[in-house]
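Participant: Encoded as structure tokens, here's the structure I'll be asking about.
The values are calculated or read from the model by the stated rules, or taken from the named source; none is laboratory data. Predicted, not measured: the structure shown is a model, and the values here were computed from it. Methodologically, a virtual Cβ is constructed for each residue, glycine included, from the backbone with ideal geometry; neighbour enumeration extends over all protein chains shown.
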Amino acid sequence: TIYLDHNASTPVDEKVIDKIVAAMRELPANPSSVDHREGAAASAAVEEARERVAKGINARSADIIFVSGATEANNLAIIGTMRAQNKTGRTRIVTIATEHPSVLEAARNTGAGTEIVVLPVDDQGRIDLNLLESELKRGTALVSSMAANNETGVCHPLSAIGRLCEKYGALFHCDLTQLTAYHPIDVQSCNIHLASLSGHKMYGPKGTGALYCRRRRPHVALEPILRGGGQERGLRSGTLNTSGIVGLAAAFELREPRLKIAANIADLRNALERRLVQETGAFVNGGEADRLPNTLNLSIPGIEPLALMRRLSGQITFSSSSACSTQSVKDSHVLEAMFGANTERTKCAFRLGLGFGTTKDQVETAAELFIEAVSGIRQGRVGSAA
Ligand code: PLP
């Protein structure tokens, strides 16, 4: 089958697998047990990984906290900073309607006293910077904006958001999950104070991730959610996942040369997009916005995504809306924010996510299969109506 669901999860690169397996074999001790040689070896591997991950986003290694994935990173960033900020009387958080549920739900559950402002987006999934600025003027503790959307690939202007946060003295949290594999990132030049990363969206292992939390100029106060043994400077207790952390770092190592060829994925995506638009009358959701190179979110009028998935089952793997949430058939909150509830555009949307392993042949075959399936569904409907 042709795998076009890289936004939901990427395959783990073979080189990453080799490093994970080696770490599992060779580093059995607890990395916190630094009083013996085996523990010190595991600890050294974790610290080397920390350097690598930090370098990948232009951060200092002391600012990286290893966690279980971006869900945890988003929760720790938002709940952890708001709990610390609430003590200082700054209680507003500004976020965006199209954020991942782990951001929106965390913002709704920071505890009593937090005021949440959810910014709308336009029909291309873009925010209005003037609106953000007018919210910031009212005094805000934290702005949480993703770098790129998991359903549409639409990217937000991080430098501009960072500048506004700096101007009004707000902290800037950025969910980098979907962007990391395909785009260079500089947390310092974008004035990002907190950033969430996930291994399994960048050809690394599932259940791995990191939170970047700036500890200098200004120092970002963070309260831990998981308390216990005090690992990760007390900010995230729990035995470190040595092999997973080594795997995450290996994914960052692979990422560097690949960033240079991410444009090739955009060429393939654009070719697929052109064909499907021409042959099926598909609308491209977020098509006029700045987008990730790999993501294509389409709505084909009258074609139910689940019917399309059934027809193409075993041939193409893709997603009807956001496999990142659950298996529920609830309409996508991202597309609802762009088009409104109960619109055909929202109901008929599906997502194709290409990756570094996607070939020109696969894209051509996928286009043919989609076109055939759509006309099959349309003919079937005419047949049954007759
Ligand atoms: N944020 C975004 C934008 C995502 O796409 C995902 C995907 O699931 C997450 C957060 C959650 O990441 P994880 O699966 O590592 O918890």
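Participant: Determine if segment 308-325 includes at least one residue that is within 15 Å of residue 183 (Cβ to Cβ) and modelled with pLDDT of 95 or more.
Facilitator: So far as segment 308-325 goes, no, none of its residues is within 15 Å of residue 183 (Cβ to Cβ) and modelled with pLDDT of 95 or more.
Participant: Residues in segment 54-100 that are under 21 Å from residue 9 (Cβ atoms) and of a type in the set (A, V, I, L, M): how many?
Facilitator: 4
Participant: Here is a further query. Taking segment 266-291 as the region of interest, how many residues are over 12 Å from residue 352 (Cα atoms) and in contact (Cβ under 8 Å) with a residue 40 or more places away in the chain?
Facilitator: Counting residues in segment 266-291 that are over 12 Å from residue 352 (Cα atoms) and in contact (Cβ under 8 Å) with a residue 40 or more places away in the chain gives 11.
Participant: Can you find even one residue in segment 172-181 that is in the same structural domain as residue 54 (by TED's automatic domain parsing), polar (S, T, N, Q) and farther than 19 Å from residue 78 by Cα?
Facilitator: Looking for residues that are in the same structural domain as residue 54 (by TED's automatic domain parsing), polar (S, T, N, Q) and farther than 19 Å from residue 78 by Cα, one finds at least one in segment 172-181, hence yes.
Participant: Now for a separate question. Which pairs have Cβ atoms under 8 Å, sit 6 or more apart or on different chains, and link a residue in segment 175-198 that is at positive phi to one that is more than 9 Å from the ligand (Cβ to nearest atom) and of a type in the set (Asp, Glu)?
Facilitator: Pairs found: 191/166.
Participant: Moving on. Name the residue that is farthest from residue 66 (Cα to Cα), counting only residues in segment 1-36 that are surrounded by fewer than 18 Cβ atoms within 10 Å (Cβ to Cβ) and among the β-branched types (Val, Ile, Thr).
Facilitator: Out of the qualifying residues, it is 1.
Participant: Could you list all residues from segment 72-99 that are touching a His at 6+ places or on another chain (Cβ under 8 Å) and part of a loop (DSSP other than H, G, I, E, B)?
Facilitator: Answer for segment 72-99, where residues must be touching a His at 6+ places or on another chain (Cβ under 8 Å) and part of a loop (DSSP other than H, G, I, E, B): 97, 98.
Participant: Kindly provide the set of residues from segment 127-141 that are in contact with a helix residue (DSSP H, G or I) (Cβ under 9 Å, 6 or more places away or on another chain) and either among the aliphatic types (A, V, I, L, M) or surrounded by 19 or more Cβ atoms within 10 Å (Cβ to Cβ) (or both), ordered by number.
Facilitator: 127, 129, 132, 136, 140, 141
Participant: Can I ask one more? Pull out all pairs, ordered by first then second residue, where Cβ-Cβ is under 8 Å, the residues are six or more apart or on different chains, the first lies in segment 108-131 and is in contact (Cβ under 8 Å) with a residue 40 or more places away in the chain, and the second is of a type in the set (Gly, Ala, Ser) and not in a helix (DSSP H, G or I).
Facilitator: What qualifies is 120/97; 121/97; 124/286; 124/287; 124/289; 125/286; 125/289; 126/289.
Participant: Tell me, which residue of segment 53-70 that is part of a helix (DSSP H, G or I) and surrounded by fewer than 21 Cβ atoms within 10 Å (Cβ to Cβ) is farthest from the ligand (Cβ to nearest atom)?
Facilitator: Among those that are part of a helix (DSSP H, G or I) and surrounded by fewer than 21 Cβ atoms within 10 Å (Cβ to Cβ), it is 62.
Participant: Within segment 329-350, count every residue that is of a type in the set (Lys, Arg) and at pLDDT 90 or above.
Facilitator: 2
Participant: Please specify each residue of segment 203-233 satisfying the condition of being of a type in the set (A, V, I, L, M) and under 14 Å from the mean Cα position of the chain (by Cα).
Facilitator: Listed by number, the residues that qualify are 210, 211.
Participant: With the structure loaded, tell me whether residue 161 is within 16 Å of the ligand (Cβ to nearest atom), in contact with a Leu (Cβ under 8 Å, 6 or more places away or on another chain) and part of a helix (DSSP H, G or I) or whether it fails that test.
Facilitator: So residue 161 passes the test.
Participant: Anything in segment 281-301 that is surrounded by 21 or more Cβ atoms within 10 Å (Cβ to Cβ) and not in a loop (DSSP other than H, G, I, E, B)? List them, or say none.
Facilitator: 291, 295, 296, 297, 298, 299 - these are the residues of segment 281-301 that are surrounded by 21 or more Cβ atoms within 10 Å (Cβ to Cβ) and not in a loop (DSSP other than H, G, I, E, B).
Participant: Next question, about the same structure. I need the full set of residues from segment 37-50 which are over 12 Å from residue 243 (Cα atoms) and either of a type outside the set (Asp, Glu) or buried (at least 16 other Cβ atoms within 10 Å of the Cβ) (or both), in order please.
Facilitator: Passing the criteria: 37, 39, 40, 41, 44, 50.
Participant: Further, regarding this structure: Among the residues of segment 13-41, which ones are out of contact with any Ser or Thr (no Cβ under 8 Å at 6 or more places or on another chain), in contact (Cβ under 8 Å) with a residue 24 or more places away in the chain and not in a helix (DSSP H, G or I)?
Facilitator: Within segment 13-41, 13 is the sole residue that qualifies.
Residue by residue, here is whether (1) within 16 Å of the ligand (Cβ to nearest atom); (2) in contact with a Cys (Cβ under 8 Å, 6 or more places away or on another chain) holds:
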site: 119; (1), (2): no, no
site: 126; (1), (2): no, no
site: 137; (1), (2): no, no
site: 144; (1), (2): yes, yes
site: 169; (1), (2): no, no
site: 186; (1), (2): no, no
site: 190; (1), (2): no, yes
site: 213; (1), (2): no, no
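Participant: Of these, 234, 199, 228, which one is crowded, with 16+ Cβ neighbours inside 10 Å and of a type in the set (Gly, Ala, Ser)?
Facilitator: 199
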